[in-house]
Amino acid sequence: MGGVRVGIGDDSLGVSEYIGPMFGTWRDKAIRWIPSTCVVCHAWPSNRICEHCVQDFAQPVHRCSRCALALADGEVVCASCAHHPPVWDCALTAVDYAFPWSRLVTDFKFRENPAWARHFATLMRSTPWIEPSLESADHVIPMPLATERFKQRGFNQAALLSRQLCPAKNCEGILLRVLNTPAQHTLDRKDRQANVMRAYALEPQHATRVANKRIVLIDDVMTSGASMAAATAVLKLAGAHHITVMVFARTPRAADLA
Ligand SMILES: [Zn+2]
Ligand SMILES: [Zn+2]
């Protein structure tokens, strides 16, 4: 696979780290007209993430086709997936959930900076197999957010990504989060699986739309995969033919909560 050379945005952010948190919302508005630096290496002037940092940190990695963890060249499926395949059919990620992407995802999700969706989607589209998977999909469905969390954040980061990735096939409102459960990142692996059981359902009026269809399920990050597994199980139960889980960042094996 060739190297990744994509332009990651033309608006600014990096200077926010120098201005400091005291300016709050004013800072977030002000940085839109301050000349831009790369948020990673602080090169100036630059796109939001400079080309060199994309080259350094977003090179395509050979991954297991079922869990998207890094894999030795020549292998298709890791030993873990060979013995216990996940409920979905294919998993794809743009990057590992590691520096600098973990920090930028935090900015995206927890510091309420939804502009990152466009940049992450650009990187995702440059990742091998993501474009063809989107093209062959019937529906692209973002992981739904619990109502309480949506109210707190004001947006669903998975839906923002899905709209950027494939607006023509983006389907919101089919897959529902029916229980408000503790945030996954606050739990260990065992509790994550219990946490998401029965947390998802299909909107009854639209449930038949997934039967015999190829579905791409979108989220920003996958760690244990428990949430996406629960959602996949609901879609498969409704007759979905093929599920690809697609995320911007995948927690690497060493840092997984297994
Ligand atoms: Zn840079
Ligand atoms: Zn695997």
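Applied to segment 98-103, the Karplus parametrisation 6.51 cos²θ - 1.76 cosθ + 1.60 on θ = phi - 60° returns per-residue 3J(HN,Hα) values of 8, 4, x, 5, 4, 5 Hz, with x for Gly and Pro. For segment 52-188, the dipole from Cβ point charges (+1 on Lys and Arg, -1 on Asp and Glu) about the Cα centre works out to 520 debye, to the nearest 20. Each pair of Cα atoms in segment 61-255 enters the Kirkwood radius, and Stokes-Einstein at 25 °C and 0.890 mPa s then converts it into a translational diffusion coefficient of 147 µm²/s. Using a cutoff of 8 angstrom between alpha carbon atoms and counting only pairs six or more residues apart, the relative contact order for segment 61-255 works out to 27 percent. Spacing of the modelled spin labels on A43 and E135, each 7 Å from Cα toward Cβ, amounts to 3.0 nm.
Evaluating 6.51 cos²θ - 1.76 cosθ + 1.60 at θ = phi - 60° for every residue in segment 116-127, the Karplus couplings come out as 5, 3, 5, 5, 5, 5, 4, 5, 4, 5, 7, 7 Hz, glycine and proline recorded as x. With contacts taken as Cα pairs under 8 Å at a separation of at least 6 residues, segment 25-136 carries a relative contact order of 16 percent.
Modelled spin labels at E112 and A98, positioned 7 Å past Cα toward Cβ, are 3.3 nm from each other. Within segment 47-65, name every residue whose backbone N is under 14 Å away from a label modeled 7 Å from Cα of E75 along the Cβ vector. Flagged as within label range: 62-65.
Just so you know, all these numbers are worked out from the coordinates, no wet-lab data involved. What you see is a predicted model; the values in this text were computed from it and never measured. As a convention, Cβ positions derive from the backbone with ideal geometry for all residues, glycine included, and neighbour counts pool all protein chains shown.
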